[in-house]
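Visitor: Supplied in structure tokens, the structure appears directly below.
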């Protein structure tokens with residue numbers, strides 16, 4: 001080994017620092033690239049040569065080389081965006097994407113996603129985001145797959161099961177009946193004139209059709225009230241008079257059927273029908289509530305005909321007695337058994353103590369006058385006659401449930417102020433069409449429907465690695481798994497793979513100040529190695545001049 005070896009040591013230093021400068025330049029160039037992870041260079045010395053000497057063997061280095069370029073997977077800062085499908089990960093996880101034309105899975109921290117024209121969640125390069133579909137219970141089903149949402153999907157209707165009504169009943173309202181008469185003055189066929197106050201809410205059947213439910217309140221005769229108690233009676237009434245489109249009818253033995261898919265059939269006695277209706281069962285008559293003569297049309301909308309419908313179709317489905325103390329607070333609710341068609345309503349009463357414990361009682365009052373919010377269950381059961389029967393009132397038909405039980409929960413007060421509804425809710429909703437798709441912080445893809453009810457349709461999967469430094473860059477902010485990285489550990493939010501933040505993008509983790517400092521040291525290293533070469537060249541020149 002001679003002086004010429006120093007030339008090669010200098011060259012190795014130039015190569016190593018040149019590669020380091022390339023890595024620094026790539027970091028700086030991607031300082032604004034979302035999801036980008038910076039890299040660092042690690043140098044190592046080259047094989048040393050041994051020189052024998054009197055003191056034993058000595059080693060002389062041969063220069064430096066680039067040992068490895070590591071990816072730095074430190075957490076990047078988040079940038080807030082306007083898009084709900086912009087996602088950022090906090091933690092060790094990666095989004096999983098797949099090229100639709102390939103079977104390979106890639107991994108990325110860049111969460112700038114959008115739904116394409118097919119309803120598939122994709123990145124800017126068109127790679128499909130991977131995840132799982134969800135069942136109605138919100139549980140994952142099936143294998144990992146491209147997340148494609150049917151853009152013309154529907155949200156099924158949810159029948160009403162509970163109505164909550166909080167109201168104040170005016171303590172100054174008069175008793176509408178005859179003093180001393182134990183019979184309630186309420187008349188289901190004239191509810192407005194035989195009640196003190198009414199509150200209505202629209203509920204939904206299993207097909208998502210609306211039905212009007214009205215609760216009428218009657219003040220009971222004060223002479224019959226227990227001491228210190230003022231009582232009201234509630235009557236829950238269902239109106240089945242809402243036929244939204246014409247129905248085909250015939251006067252005698254022709255069956256009733258729908259002209260349009262209203263899922264409602266008019267079940268009413270025909271008290272009169274003109275001969276034209278009997279002769280042509282294809283005529284259509286618009287059926288309305290109460291006794292009313294309506295215009296009828298034939299199939300070609302030609303000659304006008306008249307059908308008289310006796311539609312006494314208000315059905316009382318529940319009756320309760322509400323008891324108030326002298327302070328106007330509700331102290332007891334008693335269900336009164338009633339009968340609808342051929343199905344009796346069961347008596348029931350539920351009382352909750354201040355600790356939330358439930359007791360089933362029978363007309364129990366608090367002897368100490370303490371206030372307990374009481375509830376009562378009133379089952380709204382509308383029977384299902386056959387569609388061919390022409391008698392009775394309107395009902396749900398076809399795929400709708402035969403009967404529908406609805407709990408009505410009262411929370412009432414009686415103060416000397418106008419009767420008013422404080423709050424009123426019901427838990428049913430109609431069928432909805434898909435309006436938009438969004439993503440929540442659990443990685444769930446939500447379908448937002450026209451009925452206002454979101455549904456969880458799918459869940460985004462995340463992957464983590466035991467050695468993420470071993471991942472190989474594949475371009476487009478993508479990584480590939482290698483033997484060094486190990487096999488991907490796939491999971492979802494909540495399983496240790498990280499958290500997802502919506503309306504956010506993870507920025508590059510490049511620290512420009514640190515990169516510029518490294519650039520200075522790399523430049524000086526390159527200059528120093530260049531000096532080694534020039535100095536060695538000068539020494540070789542002196543050696544050549546020795547023969548002159």
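The values are calculated or read from the model by the stated rules, or taken from the named source; none is laboratory data. Computed from a predicted model, the values in this text were never measured in an experiment. Quick reminder, even Gly has a Cβ in these numbers, built from the backbone with ideal geometry, and neighbours come from all protein chains shown.
Visitor: Among the residues that make up region 11-25, is at least one of them modelled with pLDDT of 95 or more, buried (at least 16 other Cβ atoms within 10 Å of the Cβ) and part of a loop (DSSP other than H, G, I, E, B)?
Guide: No, the conditions are met nowhere in region 11-25.
Residue-wise test of (1) assigned to a strand (DSSP E or B); (2) buried (at least 18 other Cβ atoms within 10 Å of the Cβ); (3) at negative phi; (4) touching a strand residue (DSSP E or B) at 6+ places or on another chain (Cβ under 6 Å).
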residue: 33; (1), (2), (3), (4): no, no, yes, no
residue: 37; (1), (2), (3), (4): no, yes, yes, yes
residue: 42; (1), (2), (3), (4): yes, no, yes, yes
residue: 47; (1), (2), (3), (4): no, no, yes, no
residue: 73; (1), (2), (3), (4): no, no, yes, no
residue: 76; (1), (2), (3), (4): no, yes, yes, yes
residue: 79; (1), (2), (3), (4): yes, no, yes, yes
residue: 82; (1), (2), (3), (4): no, no, yes, no
residue: 87; (1), (2), (3), (4): yes, yes, yes, yes
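Visitor: Conditions: (1) in the same structural domain as residue 100 (by TED's automatic domain parsing); (2) crowded, with 18+ Cβ neighbours inside 10 Å. Residue 150 meets all but one. Number of the miss?
Guide: Here residue 150 meets the rest and fails (2).
Visitor: Go through (1) touching a helix residue (DSSP H, G or I) at 6+ places or on another chain (Cβ under 6 Å); (2) modelled with pLDDT of 95 or more; (3) farther than 30 Å from residue 113 by Cα and name the single condition residue 536 misses.
Guide: Unmet condition: (2).
Visitor: Right, here's the next one. When you go through 107, 127, 133 one by one, which is the residue that is modelled with pLDDT of 95 or more, surrounded by 13 or more Cβ atoms within 10 Å (Cβ to Cβ) and under 30 Å from residue 205 (Cβ atoms)?
Guide: 133
Visitor: Taking the criterion of being touching a residue at least 12 places away in the same chain (Cβ under 8 Å), farther than 30 Å from residue 154 by Cβ and out of contact with any strand residue (DSSP E or B) (no Cβ under 6 Å at 6 or more places or on another chain), would at least one residue in region 457-466 satisfy it?
Guide: yes
Visitor: Is one or more of the residues making up region 482-491 surrounded by 15 or more Cβ atoms within 10 Å (Cβ to Cβ), closer than 26 Å to residue 29 by Cβ and assigned by TED's automatic domain parsing to the domain that holds residue 93?
Guide: Just the residues of region 482-491 that are surrounded by 15 or more Cβ atoms within 10 Å (Cβ to Cβ), to begin with: 485-486, 488-491.
From what's left, closer than 26 Å to residue 29 by Cβ: 485.
When the remaining residues are screened for being assigned by TED's automatic domain parsing to the domain that holds residue 93, the result is 485.
Yes, that holds for at least one residue.
Visitor: Conditions: (1) part of a loop (DSSP other than H, G, I, E, B); (2) crowded, with 18+ Cβ neighbours inside 10 Å. Residue 190 meets all but one. Number of the miss?
Guide: (2)
Visitor: Ok, one more. Could you grab me the full set of residues in region 219-231 that are surrounded by fewer than 23 Cβ atoms within 10 Å (Cβ to Cβ) and either part of a helix (DSSP H, G or I) or on the phi < 0 side of the Ramachandran plot (or both)?
Guide: Passing the criteria: 220, 221, 222, 223, 224, 225, 226, 227, 229, 230, 231.
Visitor: Here is a further query. Can you name the residue in region 493-507 that is within 17 Å of the chain's Cα centre (by Cα) and buried (at least 20 other Cβ atoms within 10 Å of the Cβ) and, of all such residues, is farthest from residue 144 (Cα to Cα)?
Guide: Looking at the filtered set, the residue picked out is 500.
Visitor: Condition first: within 21 Å of residue 94 (Cα to Cα), assigned to a strand (DSSP E or B) and not assigned by TED's automatic domain parsing to the domain that holds residue 69. Can you find one or more residues in region 448-455 that meet it?
Guide: There is no residue in region 448-455 that is within 21 Å of residue 94 (Cα to Cα), assigned to a strand (DSSP E or B) and not assigned by TED's automatic domain parsing to the domain that holds residue 69.
Visitor: Test residue 180 against the stated conditions and say whether it is modelled with pLDDT of 90 or more and surrounded by fewer than 17 Cβ atoms within 10 Å (Cβ to Cβ).
Guide: When the stated conditions are applied, residue 180 does not pass them.
Visitor: Search region 125-135 for residues being without any contact (Cβ under 8 Å) to a residue 60 or more places away in the chain and not in a strand (DSSP E or B), and hand back the single one that is nearest to the chain's Cα centre (by Cα).
Guide: 135
Visitor: So residue 144 passes all but one of these: (1) buried (at least 18 other Cβ atoms within 10 Å of the Cβ); (2) not assigned by TED's automatic domain parsing to the domain that holds residue 220. Which condition number does it fail?
Guide: Result: residue 144 passes all but (1).
Visitor: Looking at the structure I just gave you, is residue 204 assigned by TED's automatic domain parsing to the domain that holds residue 321, modelled with pLDDT of 85 or more, more than 18 Å from residue 410 (Cα to Cα) and crowded, with 18+ Cβ neighbours inside 10 Å?
Guide: yes
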